[in-house]
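What follows is one structure encoded as structure tokens, with my remarks underneath.
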Amino acid sequence: MTVRIRSLVTSGPLLVPLSSGSCLRLSPGEVTDALAEVDITSNAKVDKLTERRLINVEQVDEDPSPEVDAPAAASHESDHENSSAEASPRGSRSRKR
């Protein structure tokens, strides 16, 4: 299972030590990418930060539906291709000093 950690502090950074030995630095309101649940399981510091309402640990769905992402990605690629085709060509003059 995967989780995300959201910082609930309103000012200043927050350091969250993980069970793997690494440490996360979160800005106010920042949300982490998906993390393995093992990084927060039996972690006293994460429990303490949660109890003090400084962070929120959210469960993440492991299998997002690909049908939702596919049309958005396809339209984004076509927009990128159109914008590069419409861009004005640069001059081929070389600069001499």
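All conditions but one from (1) surrounded by fewer than 14 Cβ atoms within 10 Å (Cβ to Cβ); (2) of a type in the set (A, V, I, L, M); (3) closer than 15 Å to Val3 by Cα apply to Leu35; the one that does not is (1). Would you pick out the residues in region 47-59 that are exposed (fewer than 11 other Cβ atoms within 10 Å of the Cβ) and assigned to a loop (DSSP other than H, G, I, E, B)? Residues satisfying the conditions are Arg52, Arg53.
Filter region 3-46 down to the residues that are in a loop (DSSP other than H, G, I, E, B), aliphatic (A, V, I, L, M) and touching a helix residue (DSSP H, G or I) at 6+ places or on another chain (Cβ under 8 Å), then identify the one that is farthest from Glu58 (Cα to Cα). Selected residue: Leu18. Does Thr10 satisfy the condition of being surrounded by fewer than 11 Cβ atoms within 10 Å (Cβ to Cβ), without any contact (Cβ under 8 Å) to a residue 40 or more places away in the chain and over 17 Å from the mean Cα position of the chain (by Cα)? So Thr10 passes the test.
Only the coordinates and a few stated rules stand behind these numbers; no lab work does. These numbers come from a predicted model, not from an experiment. Reconstructed Cβ throughout: ideal geometry from the backbone, glycine too, with neighbour counts over all protein chains shown.
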